Ligand code: CDP
């Protein structure tokens with residue numbers, strides 16, 4: 001019944017006693033809020049890798065303005081720590097939680113450049129793995145199921161129509177229904193960021209694709225929670241990629 005899974009298995013369960021749910025997808029596909037809810041429902045911890053890229057960007061901007069390079073970004077990143085808060089972790093810099101700072105528009109404009117820096121990617125990956133060590137976690141990002149946790153127990157790739165992603169992001173940001181012109185502007189920004197992030201935004205072969213365009217947040221959370229329960233129970237997963245031979 002409990003025979004150890006061979007190390008070559010594509011899903012190595014119980015690695016150091018942890019269960020990892022990886023949620024990847026493009027900008028504003030709802031990864032973070034979904035991951036947070038899923039973590040709460042399952043009693044897992046949520047680790048938001050994007051928040052770390054944003055934190056490194058925010059510190060680099062405040063140290064050197066827009067002209068910062070990789071050594072500046074790395075020196076700044078070294079000053080950031082992760083603080084466990086309820087079901088999640090928040091980046092902390094100089095004793096203060098960074099949540100507001102990392103959502104600033106200039107951070108969103110610069111973050112894709114920082115995310116291309118090899119050293120920064122190593123720094124984020126190390127922190128994410130450390131935060132997840134020995135824990136049941138839901139981790140969201142772009143490359144969690146491919147690079148950070150290639151043996152995650154459950155991998156989900158979230159997509160949604162860009163217009164719908166833009167509409168949701170603006171509604172969340174402003175707390176009101178955006179106009180079509182606002183959505184069109186935001187759609188353009190999202191599509192540009194998707195293209196800058198394209199190299200690392202990769203759907204793992206064994207990830208389950210969920211298109212959330214016509215789903216409510218509660219529905220998408222429910223789907224992932226149900227999948228996690230099936231995977232945790234050790235039942236075989238639905239075939240994520242029927243085209244595979
Ligand atoms: O929530 P949103 O889609 O706006 O982005 P995020 O998850 O906060 O990530 C911010 C940025 O970090 C992305 O635009 C990517 O450039 C980068 N990122 C990445 O390269 N790899 C990850 N695993 C997570 C984020």
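Points worth noting:
- For the chain, the 222 nm mean residue ellipticity estimated from helices alone, with every DSSP H stretch of n ≥ 4 adding -39500 (n - 2.57) and the total spread over all residues, rounds to -14000 deg cm²/dmol.
- Whole-number D in µm² s⁻¹ for the stretch 142-182, Kirkwood Cα-pair radius fed into Stokes-Einstein, 4 °C, 1.567 mPa s: 104
- Compactness ratio for the stretch 20-232: Cα radius of gyration over 2.2 N^0.38 Å (N = residue count) comes to 0.97.
- Sequence ranges 125-131, 38-44, 92-98, ranked by mean other-Cβ count within 10 angstrom, highest first: 38-44, 125-131, 92-98
- DSSP-defined beta bridges in the stretch 20-232 - what % are antiparallel, rounded to 5: 30
- Under the simplified labelling scheme, the residue 199-residue 161 pair shows an inter-label distance of 3.2 nm, with each label point 7 Å from Cα along Cα→Cβ.
- Ranked 24, 180, criterion: other C-beta atoms within 10 Å, fewest first: 180, 24
- Förster-model FRET efficiency, 35 Å R0, residue 217 and residue 69, C-beta, rounded to 0.05: 0.35
- Angle between the chain longest axis and helix 180-196 axis [Cα atoms, degrees, rounded to 10]: 70
- Relative to the longest principal axis of the Cα atoms of the chain, the long axis of helix 31-42 makes an angle of roughly 40 degrees.
- When each of 196, 155 is scored by the number of other beta-carbon atoms lying within 10 Å, the sequence from fewest to most is 196, 155.
- Globularity ratio of the stretch 48-147, using Cα Rg and 2.2 N^0.38 Å: 1.00
- Listed residues 26, 71, 162, most fluctuating in the chain (Gaussian network, C-alpha, under 10 Å): 71
- Counted over the stretch 91-175 with a bin width of 10 Å, the fraction of Cα pairs per bin, in whole percents, is 13, 36, 40, 11.
- The chain: angle of helix 217-232 to the longest principal axis, Cα-based, in degrees nearest 10: 40
- The spread of Cα positions in the stretch 126-245, taken along each principal axis and listed from longest to shortest, comes to 47, 33, 30 Å.
Every read-out reported here was derived from the displayed coordinates using simple, explicitly stated rules and does not represent laboratory data. Because the structure is a prediction, the values reported are computed rather than measured. Every residue, glycine among them, receives a Cβ derived from its backbone with ideal geometry; neighbour counts consider all protein chains shown.
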